[in-house]
Amino acid sequence: MKKISKNQISQAVDLLKKGRVIVFPTETSYGLGCDATDQSAVDRVFAIKDRKSDKPLLVLVADLTMAKEYLLWNSRIDELAGRYWPGPLTIIGRVSQKRLAKGVESEQGTLAVRVSPHPIVQLLINKLGRPIVATSANLSGAKNIYRSGEIKSVFTSRPIAPDAFLDMGELPKRPASAIVDATGAKIKIIRTGELKIDFLATNSPAPMNPAEIKSACQKYGLSPSKIYGQNYLISPKPIVKIIEAGQLDKQDTVVEVGPGFGILTLALARQAKQVLAFEIEKKLQPYWLDLIKQKNINNLKIIWGNVLRQASSLPRGAYKLSANLPYQITSQIIRFFLEADNQPKSMVLMLQKEVAVRICAKPGQMSLLSLAVQYYGRPKIICQVKKDCFYPVPKVASAVVAIYDIKRKNTREFDQRFFALAHAGFQNKRKLLSKNLSSNFGFKKEDWQKIFSILGLGENCRAQELSVEKWKELTKHVIHNVF
């Protein structure tokens, strides 16, 4: 096996042109490769690797232009390539009319492609003028090779070996590339690799940056409204968390409040059967008409107006709620959906961090909001969100909260009496619960204290100390005597 130094790249290129197989450095480890259009060379790579013929090899291309010659381009590939190339991401797509060797293309007509940022790889491809095969320079199932000194020892006992190797010394130890399948309507993660790409991140659109938001606002005569609490997401990470927490599939109908420029909306549309998005800012109507037409979205409906006044527009069947809520009306919207005739099965919401903490409070820190949420469902803080994930940057920190298992567990009548009692109890948080209830329901303080004793509550307890279950028990004890 011939050793080639980094100053002799032209020799490596000549070998590739002659149908030879070489070992070369990549951004992940040493790789084994050849001209991807040369059938004889590709067959030798399979033999050297002792690789099964039903496991296609990936190819490296110089840039997006070359990738488009061999891949049938679609919007999913375009977004992934724009976000991660050049870089350690391999994208599987459909083969275009321009063909490569058998064993590179799969029997299903797919092709795995990557644009490598490694300068040596770029030189090899550009000088060859064609894609090159790339697979790790080891036997199938063995560890990756990071030191040039290991290359000869790996292939010494093999009946067939590479013709040469480009000696770049020791490479940084990095995992193999991430691999995603973009052939279907939904992108699938085949291997996470160094990028640790989340399944959902690959199915969310690339977010707009502040300059793009400013440009869009100017085009449609908008300025981020403090009244509507318009802080637009400019990071994909919270979007990933929201969709992941929503546990969406193609059977789900999703309601969104405040789609804005649609970064979350488009991600929801990719995951769900149908999305109904309520938008109060009617200046965005031409934007959405253009976007829906441009992206050919057929499972998204924008409902214009204030969702709080459009209960009749909510789905009649099962649905889930996902939203980056305007912080000024967070509590109103949560109560609106919890008390709706047809409640959502779950909610995943971007909220002010302080509100998220209140919602998930334990007895001792309870409030009317936490009591209401926990009465109907099971809240959980999914993650915290940094201020710089938004434009304009809000003054407060944010968090993603999920509310699962939402259902009406009691009658409407019981709900009304439960919350009437709770409102009275929380009327003055500094006062004892018995005093608050006495002034509203006519029982004497001593009577309430007797009930508290039965429930195992201290006579000096306050409203914020009771759990949801204790409030339910309290309601049952007084319901026949007070209401």
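Every number here is computed from the coordinates shown, using simple stated rules; none is lab data. As the structure is a computational prediction, the values presented were derived from the model and not from experiment. Note: ideal-geometry Cβ built from the backbone for every residue, glycine included; neighbour counts use all protein chains shown.
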Original post:
By the scheme Lys and Arg +1, Asp and Glu -1, what is the net charge of all other residues having a beta-carbon under 13 Å from that of Gln274?
Top reply: +3
Subject >> Diffusion coefficient, µm² s⁻¹, Stokes-Einstein with Kirkwood Rh over alpha-carbon pairs of segment 363-483 at 10 °C and 1.306 mPa s >> reply: 99 µm²/s
Original post:
If segment 210-404 were replaced by its equivalent ellipsoid, with semi-axes equal to the square roots of 5 times the Cα gyration tensor eigenvalues, what would those be, largest first, whole Å?
Top reply: 25, 20, 15
Subject >> Computed P(r) (all Cα pairs; segment 413-482; 10 Å bins; percent) >> reply: 22, 64, 14
Original post:
Amide H to amide H, which residues 5 or more places from Tyr232 or on other chains are under 5 Å from it, using H placed in the peptide plane?
Top reply: Tyr391
Original post:
Hey, what angle do you get for helix 445-455 against the long axis of the chain, alpha-carbon based, 0 to 90 degrees rounded to 10?
Top reply: 40 degrees
Original post:
Nearest 10 degrees, 0 to 90: what angle lies between the long axis of helix 210-219 and the longest principal axis of the chain (Cα atoms)?
Top reply: 70 degrees
Subject >> Above-threshold pairs, the threshold being 18 Å between Cα atoms, out of Lys362/Lys472; Lys214/Lys241; Lys2/Lys152 >> reply: Lys214/Lys241
**OP:** Just round it to a whole percent: the fraction of Cα-Cα distances in segment 2-197 exceeding 30 Å.
**Re:** 13 percent
**OP:** State, in angstrom, two size descriptors of the chain derived from its alpha carbons: Rg to one decimal place and Dmax to the nearest whole number.
**Re:** 30.2, 99
Subject >> Helix axis angle, 412-425 relative to the chain longest principal axis, alpha carbon, degrees >> reply: 80 degrees
Original post:
Mean residue ellipticity at 222 nm from the helices of the chain, using -39,500 (n - 2.57) per DSSP H segment of n ≥ 4 over the full residue count, to the nearest 500 deg cm²/dmol?
Top reply: -10000 deg cm²/dmol
**OP:** Would you please give the residues with an amide H less than 5 Å from that of Lys3, counting only those at least 5 places away or on a separate chain, with H modeled from the backbone geometry?
**Re:** Phe165
**OP:** Distance check, please: which entries in Lys450/Lys476; Lys320/Lys386; Lys219/Lys283; Lys6/Lys127; Lys320/Lys353 exceed 18 angstrom between their Cα atoms?
**Re:** Lys320/Lys386; Lys320/Lys353
Original post:
Among Ile242, Gln294, Tyr376, whose Cα lies farthest out toward the positive end of the dipole of segment 210-404, if unit charges sit on the beta carbon of Lys, Arg (+1) and Asp, Glu (-1)?
Top reply: Ile242
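If I take all pairs of Cα atoms in segment 327-371, what percentage of them are more than 11 Å from each other? Don't skip to the end; give the middle numbers.
On the way: 690 of 990 pairs.
Across segment 327-371, Cα pairs with separations above 11 Å total 70 percent.
Tally Lys and Arg at +1 and Asp and Glu at -1 over the other residues with C-beta under 11 Å from the C-beta of Glu465: what net charge comes out? Numbers along the way, then the final one.
Details: positive: Lys362, Lys429, Arg462, Lys470; negative: none.
With Lys, Arg at +1 and Asp, Glu at -1, the net is +4.
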